[in-house]
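Shown next, in structure tokens, is the structure this report addresses.
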Amino acid sequence: MYARVLLMARVLIAGATGYLGGFLLAEAKERGHEVRALTRSEHQLSGASASIDEVFVGEVTKPATLVGIAKDVDVVISAIGITRQKDGLTYEDVDYQGNANLLREAVKSGVRKFVYVSVLHPEKMASLKVVQAKERFVRELQMSGIDHTVIRPNGYFSDMLAYLKMAKSGRAFVFGRGEFLINPISGRDVAAKCVDAIDLDDPEISFGGPATITHREIAQQAFDALGTKSKVTCIPVPFAKALLWLVRKLTPTTVYGPLEFSLTVITTDMVGPAYGKDSLGDFFHDEVARKHI
Ligand SMILES: NC(=O)c1ccc[n+]([C@@H]2O[C@H](COP(=O)([O-])OP(=O)(O)OC[C@H]3O[C@@H](n4cnc5c(N)ncnc54)[C@H](OP(=O)(O)O)[C@@H]3O)[C@@H](O)[C@H]2O)c1
């Protein structure tokens, strides 16, 4: 259902420097919106300058640096979150508190809508720290009174590069018999849905990519893109669970957090309503052609 249509909105994109963020900038600009991008340091966005009208340098975990960030903004889209640990900060610091700091500024400045990127099927991953932090923010967003849409996408193509890297090394590992299902989605398709959300009434939108496949098929697509013979080794699921238990006991959240997320996602079926156009096989072929792998 469509709400008021903002032909040209002033959009603040947070998480602009990430995989999804790059597509968000391009999509918002292409649709004629005025784009302000949040970054921790200006040089990170130099490659995307054509899609940006204004850069705001700030740090979501330091509220004092965010003052005025949402002034004259109609819509905030936040893709801020920890995916690969690098700062020694926790999910609570960034996925929850960082986004909460941003929300506070948005409310203060009278922003019309807040679009937040969380995860698909949080109920299947309720014990994970990252999911707990994200959903804590979702609850805060729901209680804030601001019009909002929570975007719940399946795993991005960027995360499937792990299969291409394994295939490049000669052998791919899958859990169980690789039979778990997933419909991964491209950053471009997720970005399109996030920008659509500017004019949608839906408080929540869950989706995955257009094709549902097994993890073994993803591994096969990676070998096909490389033109090499497929070699797949199966790891029993109980072994994966035991490994996770051990890592949880022996390492801090910064180490086990991303690992437990990946292990949980690939040892269960993770499928959302089909959306988008981009194909994972084409993405793998492009990555190989561009020698990114
Ligand atoms: N990857 C997936 O498969 C997937 C699936 C569903 C949902 N999501 C969610 O979608 C969002 C975007 O994912 P992505 O794959 O595009 O992630 P990404 O490439 O790692 O980008 C994350 C963004 O968050 C920012 N960020 C991280 N830590 C920060 C900190 N301490 N302070 C300020 N900014 C920080 C990064 O800024 P810097 O560049 O400055 O580090 C970057 O702009 C995340 O919230 C993720 O949880 C991801």
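The values are calculated or read from the model by the stated rules, or taken from the named source; none is laboratory data. Please read all numbers here as calculations on a predicted model, not as lab measurements. We place every Cβ from the backbone using ideal geometry, glycine too, and count neighbours over all the protein chains shown. Surface accessibility is based on the protein's heavy atoms, side chains included, excluding ligands, DNA and RNA. Shrake-Rupley method; radii C 1.70, N 1.55, O 1.52, S 1.80 Å.
Report, by residue number, each residue of the range 111-145 that is of a type in the set (F, W, Y), within 11 Å of the ligand (Cβ to nearest atom) and either at pLDDT below 95 or touching a His at 6+ places or on another chain (Cβ under 8 Å) (or both). Steps first, answer last, please.
Residues of the range 111-145 that are of a type in the set (F, W, Y), as a first pass: 114, 116, 137.
Still in the running and within 11 Å of the ligand (Cβ to nearest atom): 116, 137.
Passing the criteria: only Y116.
What are the pairs, 6+ residues apart or on separate chains, where a residue within the range 48-69 that is farther than 19 Å from V111 by Cβ and part of a strand (DSSP E or B) has its Cβ under 8 Å from a residue that is of a type outside the set (A, V, I, L, M) and open to solvent by 40 Å² or more (accessible area, probe 1.4 Å)?
Final answer for the pair search is V57/R40; V57/E42; V57/T65.
Take the residues in the range 51-84 that are more than 9 Å from the ligand (Cβ to nearest atom) and within 17 Å of Y19 (Cα to Cα), then tell me which one is surrounded by the most Cβ atoms within 10 Å (Cβ to Cβ).
I77
Of all residues in the range 5-31, count the ones that are in a strand (DSSP E or B) and either within 13 Å of the ligand (Cβ to nearest atom) or open to solvent by less than 30 Å² (accessible area, probe 1.4 Å) (or both). Working first, answer last.
To start, the set of residues in the range 5-31 that are in a strand (DSSP E or B) comprises 10-14.
Next cut, either within 13 Å of the ligand (Cβ to nearest atom) or open to solvent by less than 30 Å² (accessible area, probe 1.4 Å) (or both) only: 11-14.
Residues meeting the conditions: 4.
Table: residues versus (1) among the aromatic types (F, W, Y); (2) under 23 Å from F283 (Cα atoms); (3) out of contact with any Asp or Glu (no Cβ under 6 Å at 6 or more places or on another chain).
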position	(1), (2), (3)
A9	no, no, no
I13	no, no, yes
G18	no, yes, yes
F23	yes, yes, yes
E42	no, no, yes
S49	no, no, yes
V60	no, no, yes
P63	no, no, yes
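Sort through V255, V190 and tell me the only one that's in a helix (DSSP H, G or I), closer than 27 Å to L20 by Cα, open to solvent by 70 Å² or more (accessible area, probe 1.4 Å) and β-branched (V, I, T). Full working, then the answer.
Numbers: V190 fails: open to solvent by 70 Å² or more (accessible area, probe 1.4 Å).
Within the list V255, V190, the selection yields V255.
Can you pull out the residues in the range 106-134 that are over 17 Å from the mean Cα position of the chain (by Cα), crowded, with 22+ Cβ neighbours inside 10 Å and assigned to a helix (DSSP H, G or I)?
A106
Need the failing condition index for R104 against (1) closer than 13 Å to F137 by Cβ; (2) free of Cβ contacts under 8 Å to residues at least 24 places away in the same chain; (3) charged (D, E, K, R), just the number.
All conditions are met except number (2).
Output the residues belonging to the range 177-187 that are within 16 Å of the ligand (Cβ to nearest atom) and either open to solvent by 50 Å² or more (accessible area, probe 1.4 Å) or farther than 30 Å from V76 by Cα (or both).
Selection gives F180, L181.
What's the total number of residues in the range 208-239 that are within 14 Å of D269 (Cα to Cα) and in a strand (DSSP E or B)?
The total comes to 3.
Tell me, which residue of the range 35-47 that is in a helix (DSSP H, G or I) and closer than 13 Å to G15 by Cβ is farthest from the ligand (Cβ to nearest atom)? Can you show your working first?
Pass one, the range 35-47, residues in a helix (DSSP H, G or I): 42-47.
In the following step, the residues that additionally are closer than 13 Å to G15 by Cβ were identified as 44-45.
On the way: Q44: 6, L45: 9 Å.
Here the answer is L45.
Tell me which residues, restricted to the range 196-221, are farther than 14 Å from S279 by Cα, buried (at least 24 other Cβ atoms within 10 Å of the Cβ) and touching an Asp or Glu at 6+ places or on another chain (Cβ under 7 Å).
Hits for the range 196-221: nothing passes.
Is it the case that some residue within the range 153-160 is touching a Gly at 6+ places or on another chain (Cβ under 9 Å) and away from the ligand (no atom under 12 Å from the Cβ)? Give the steps one after another, and end with the answer.
Residues of the range 153-160 that are touching a Gly at 6+ places or on another chain (Cβ under 9 Å), as a first pass: 153-158.
If we keep only those that are away from the ligand (no atom under 12 Å from the Cβ) too, we end up with none.
No, the range 153-160 contains no residue that is touching a Gly at 6+ places or on another chain (Cβ under 9 Å) and away from the ligand (no atom under 12 Å from the Cβ).
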